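Contents: one structure, followed by commentary.
What follows is calculated from the coordinates using simple rules that are stated; it is not laboratory data. If you're wondering where the values come from, they're calculated on a predicted model, not measured in any experiment. Neighbour counts run over all protein chains shown; Cβ positions are idealised from the backbone, glycine included.
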Amino acid sequence: MSTLVDYPTFSDSPFFFDRRNLHIAQEEGAHVASHSAPRVAYFHPKDVGNYHYGERHPMRPHRLELTNNLVLGYGIHEKMAMYNPRPATEEELREFHDADYVDFLKRVTPANAPKLTKDYSMYNIGDDCPVFHELFKFCEQYAGASLAAARKLANESTDIAINWSGGLHHAKKGEASGFCYVNDIVLAILELLRVHPRVLYIDIDIHHGDGVQEAFYLSNRVLTVSFHKYAVDFFPGTGNLSEIGANLGKHFTLNVPLQDGIDDESYISLFKAVMEPAITTFRPSSIVLQCGADSLGLDRLGTFNLSIAAHGECVRFIKEFGLPLLVLGGGGYRQSSVARCWAYETGVLAGVDLPNQLPSNNYYEFFGPDYQLHPPLTGRIHNFNTRQSLERIRMSIREKLRYMNGAPSVQMQEIPPDLMGFLEAEERSKEERDEEANNGTAGDERSDGRGKQNEYFDPEVAHEDGDLITISSRGKRTMRF
Ligand SMILES: [Zn+2]
């Protein structure tokens with residue numbers, strides 16, 4: 001006979017309650033069998049929520065602190081491995097970015113900025129991408145988290161990796177763009193390409209994922225698919241249906257240009273109608289999903305009509321393919337919505353059903369007046385996407401996938417021969433050897449204070465400065481348009 005214990009739940013607990021003392025996690029959803037539950041690793045650089053772009057700037061890293069508080073408040077950390085990853089090194093940033101640009105980001109401070117203004121236009125520094133206190137440290141932290149997450153997937157020591165501080169999809173090889181300085185997504189994909197023949201990138205931010213598309217525009221090893229608002233006066237102005245890739249990468253870029261006000265039903269049905277055949281045609285080895293939350297209704301910059309449930313349904317749908325999955329943040333300019341959305345999606349990924357009543361947490365006042373996980377966000381903007389326009393997009397994407405199927409590619413090769421040669425020839429660093437021994441924790445500090453918890457956890461390995469991962473220049477393909 002089982003003993004029923006009446007554990008308190010957050011939904012009816014008026015005060016903050018420390019779940020760590022309970023030694024239990026919330027029940028998993030019935031649809032996830034315990035023996036098949038994917039391993040989830042969660043990367044949150046300590047203090048990454050403490051940076052400030054400036055008083056009137058819409059990008060607020062503080063939303064990451066709110067998100068993390070909800071994740072902990074709901075107790076989802078009981079179902080995941082929690083990491084405080086080390087910052088990326090300059091050498092790692094240079095795997096994609098120009099050395100002079102990385103050097104500029106490292107040198108510039110609010111104090112010396114007036115002397116460096118001649119570089120501002122070259123690196124696109126200004127109102128959108130301002131210089132702020134410890135800017136470079138911020139970049140190193142969020143990029144380091146995406147790299148650590150990618151390494152953990154590449155060495156198969158997790159099935160799903162989450163970094164809400166990443167997903168800065170606009171940054172270019174040699175310049176900042178759209179609140180983004182370093183493109184952690186491109187860096188993470190390059191890391192995955194060391195062992196994965198094909199990587200699928202999906203972007204559900206309301207803005208076009210231009211930086212990632214541009215980086216892999218000539219590559220057939222990365223399929224980029226971006227769902228976004230497309231209008232001449234809407235940033236960044238790219239992402240038309242006609243942008244399909246070039247040279248070897250022709251047909252390996254997909255764009256889904258949408259209009260204001262798209263609703264849950266239209267978005268979800270189009271997302272599934274595009275992604276299901278894209279995945280079965282491209283057959284990716286892993287998937288990177290950028291979950292920009294500015295596609296939610298009531299965003300301060302976005303003009304879509306999506307609910308948190310619909311945004312999360314896209315995440316759930318991709319998770320169900322069971323491929324190694326890197327989940328990243330991105331845009332999102334209503335902090336309380338962003339935190340709710342990413343906490344909900346963390347629950348979806350970790351297989352935890354979250355009660356609608358938000359848990360007590362350090363920032364409870366941000367979530368008034370309803371204090372619910374799913375507040376009404378939709379229906380405020382007219383839907384300018386007609387059934388016919390969406391059908392035209394769907395047909396166009398289907399047509400493009402037919403071309404991709406016939407394109408010369410690496411599809412039949414499980415491991416690209418040049419990469420195998422690289423792996424054999426390259427002298428491994430200690431860190432790489434450790435990671436290949438399947439411990440996957442090189443340089444990353446476990447932040448939950450627990451030791452070996454189950455069979456998925458391995459001993460921690462201290463990071464040695466100067467002992468860096470190196471990567472060949474393959475994959476560093478870019479094209480301006
Ligand atoms: Zn955005």
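What the table below lists for this structure:
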read-out	value
Per principal axis, descending, Cα span of the stretch 39-436 in whole Å	59, 54, 46
Likely footprinting exposure, Ser165, Ser389, fewest C-beta neighbours within 10 Å first	Ser389, Ser165
Over the stretch 128-248 - Rg/Rh using Cα atoms and the Kirkwood inverse-distance radius	0.97
Ranked packing of 105-111, 373-379, 146-152, 296-302, most packed first, by mean Cβ within 10 Å	146-152, 296-302, 373-379, 105-111
13 Å cut-off, amide nitrogen to a point 7 angstrom out along Arg394 Cα→Cβ, residues in the stretch 265-285	265-277
Dimensionless Rg ratio for the stretch 93-165, taking C-alpha atoms and the 2.2 N^0.38 Å reference	1.35
Förster radius 41 Å - calculated FRET efficiency between Tyr120 and Arg380 (Cβ-Cβ, nearest 0.05)	0.65
The stretch 39-436, relative contact order [Cα under 8 Å, separation at least 6], %	19
